[in-house]
Amino acid sequence: MELPNVHVPKAMLAPMEGVTNPVYRQWVSESLDCAPVGLDTVCTEFVRITKHTPNEKVFREAIQRPKHQDIQLSVQVMGKHIEHMRDAAELLVQKDIDIIDINLGCPTPRAARGGVGAQMLEDMDTLKKVLTEMRSVIPGMLSAKMRAGVTESALVLERAQILEDCGIDFLVIHPRRTIDAYTGCADWRITAEVAKVLSIPVIANGDGWYPTDVLRLLDITGCHGYMCGRSSMRNPFLFDLFDDLLKGKSPRFVTVDMLLTRLHVLILRYIESVSERYALGRLKEIGRWVMTTVPTSKEQKRSVLQEQTTDLVFQRLAEHLTIQEKQLGPIDAQAASTHRLMPTPTMFFEF
Ligand SMILES: Cc1cc2nc3c(=O)[nH]c(=O)nc-3n(C[C@H](O)[C@H](O)[C@H](O)COP(=O)(O)O)c2cc1C
């Protein structure tokens, strides 16, 4: 159900709790060319809809759009209370957002205890009621983001079909189960099966680490589009590089200098908008990911992360990355990305 100017995404920044706040969404939206390329939709972290009636305040951060008009905003809600999920949808449709998404993937014990996130896949009757109510008040785009299952993935096709029958406009699938958390590998074969069975567009998510991964992901799954999360923290230029590849060009090289300059922008914004302390926490989390772009020992990681100011963390990070760059060349230049893990034996598809 597309409204004018809103389209089913092709390239999405994944929702990540504690990460995809308005500052981060804006930052990822700014490309190498300072224009939105490669990325067309950013997602908020989930907004939990509880047993209390939702009010405008809970969406204060979620409804902040990136400045670029061309980038769509998807707001994710997580909850199982039928009326409150409808109320949340009613509040959101009055805002300047493009897509409302329901979280069917959160694997945390807290979500599982509350029967929300991926756990909702085990209660399809409630899920159907929630989605039907939401659909009845959302004239625009409604999507769902699901895991392959909780303890097994055998029902993934059936469940995906039910979601389609409830009237969602597109489905994002992260083909891991709750019990996998983020271990093993995303089994793209499951995504391919889902995309084959459904008539609505399917977006592939999970383990798109390098630009070349995305090409293969789209090729293997036949999906309409892709969504990347953690890889945006290790290399914020990722979407631009995918875009290069999709246009048939060689991805541009990312130097350590480019990476650090870009990261510096983000951290300064966190210092200005929140505090040095908060920015330090964010820098350490993202720094961990950035260090996976080069060989990094535990000691090297510790020496970067033990520092107690953003300046010092930057300094250590710069020293470490620069030494590695001298030996290896630009970030990911050598990443052939042929090392995808084999799916775990618990996956149910036989090939
Ligand atoms: C720190 C973190 C927070 C996340 N928070 C959410 C969330 O709020 N909603 C959601 O649907 N998925 C969430 N996810 C899952 C991601 O959206 C995505 O499905 C997962 O990371 C796999 O994609 P990737 O390999 O591209 O990172 C989170 C993942 C991470 C690492």
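The values are calculated or read from the model by the stated rules, or taken from the named source; none is laboratory data. Not measured: the values here are computed from a predicted model. Heads up, the Cβs are rebuilt from the backbone with ideal geometry, glycines too, and the neighbour counts pull from every protein chain shown.
To keep it simple, each residue is scored yes or no on (1) free of Cβ contacts under 8 Å to residues at least 12 places away in the same chain; (2) more than 15 Å from the ligand (Cβ to nearest atom); (3) farther than 23 Å from THR53 by Cα.
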position	(1), (2), (3)
PRO107	no, no, yes
GLY114	no, no, no
GLU122	no, yes, yes
LYS128	no, yes, no
ARG135	no, yes, no
SER143	no, no, no
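Of the conditions (1) assigned to a helix (DSSP H, G or I); (2) in contact with a Pro (Cβ under 8 Å, 6 or more places away or on another chain); (3) under 26 Å from SER74 (Cβ atoms), LEU259 fails just one. Which one is it?
(3)
So for region 237-247 (the condition being modelled with pLDDT of 95 or more and in contact with a Leu (Cβ under 8 Å, 6 or more places away or on another chain)), does at least one residue qualify?
Narrowing region 237-247 to residues modelled with pLDDT of 95 or more: none.
Looking through region 237-247, none of the residues is modelled with pLDDT of 95 or more and in contact with a Leu (Cβ under 8 Å, 6 or more places away or on another chain).
For a quick check of your reading of the model, give me the residue pairs whose first member lies in region 260-284 and is assigned by TED's automatic domain parsing to the domain that holds THR310 and buried (at least 16 other Cβ atoms within 10 Å of the Cβ), whose second is at pLDDT below 95 and acidic (Asp, Glu), with beta-carbon atoms closer than 9 Å and at least 6 apart or on different chains.
Hits for this filter: ARG262/GLU30.
Which one of these is more than 20 Å from the chain's Cα centre (by Cα) and either among the β-branched types (Val, Ile, Thr) or within 16 Å of the ligand (Cβ to nearest atom) (or both): VAL202, VAL254, VAL172, VAL194?
Every option except VAL254 fails the conditions.
Has region 213-225 got any residue that is within 16 Å of the ligand (Cβ to nearest atom) and of a type in the set (D, E, K, R)?
Filtering region 213-225 for residues within 16 Å of the ligand (Cβ to nearest atom) gives 213-218, 220-221, 223, 225.
Subsequent filtering for residues that are of a type in the set (D, E, K, R) retains 213, 216.
Yes: region 213-225 contains one or more residues that are within 16 Å of the ligand (Cβ to nearest atom) and of a type in the set (D, E, K, R).
Is it true that MET146 is surrounded by 22 or more Cβ atoms within 10 Å (Cβ to Cβ) and in contact with a Gly (Cβ under 9 Å, 6 or more places away or on another chain)? Spell out the reasoning first.
Details: surrounded by 22 or more Cβ atoms within 10 Å (Cβ to Cβ): yes; in contact with a Gly (Cβ under 9 Å, 6 or more places away or on another chain): yes.
Spelling it out, MET146 is indeed surrounded by 22 or more Cβ atoms within 10 Å (Cβ to Cβ) and in contact with a Gly (Cβ under 9 Å, 6 or more places away or on another chain).
Kindly list the number of the only condition in (1) within 22 Å of PRO201 (Cβ to Cβ); (2) touching a strand residue (DSSP E or B) at 6+ places or on another chain (Cβ under 6 Å) that fails for VAL93.
Of everything listed in (1) within 22 Å of PRO201 (Cβ to Cβ); (2) touching a strand residue (DSSP E or B) at 6+ places or on another chain (Cβ under 6 Å), VAL93 misses just condition (2).
If a residue must be in a helix (DSSP H, G or I), within 14 Å of the ligand (Cβ to nearest atom) and in contact with a strand residue (DSSP E or B) (Cβ under 7 Å, 6 or more places away or on another chain), how many such residues does region 14-57 contain?
Of the residues in that region, 2 qualify.
What about ASP180, is it over 22 Å from TYR24 (Cβ atoms) and either among the basic types (Lys, Arg) or away from the ligand (no atom under 16 Å from the Cβ) (or both)?
Details: over 22 Å from TYR24 (Cβ atoms): yes; either among the basic types (Lys, Arg) or away from the ligand (no atom under 16 Å from the Cβ) (or both): no.
Considered against the rule, which asks whether it is over 22 Å from TYR24 (Cβ atoms) and either among the basic types (Lys, Arg) or away from the ligand (no atom under 16 Å from the Cβ) (or both), ASP180 comes out as no.
In region 235-246, which residues are more than 10 Å from the ligand (Cβ to nearest atom) and either crowded, with 20+ Cβ neighbours inside 10 Å or of a type in the set (D, E, K, R) (or both)? Walk me through it before giving the result.
Step one: filter region 235-246 for residues more than 10 Å from the ligand (Cβ to nearest atom), giving 235-237, 239-246.
ASN235, PRO236, PHE237, PHE239, ASP240, LEU241, PHE242, ASP243, ASP244, listed by residue number.
Would you please name the residue that is farthest from HIS7 (Cα to Cα), looking only at residues in region 172-185 that are surrounded by fewer than 24 Cβ atoms within 10 Å (Cβ to Cβ) and aliphatic (A, V, I, L, M)?
Per the criteria, the residue is ILE179.
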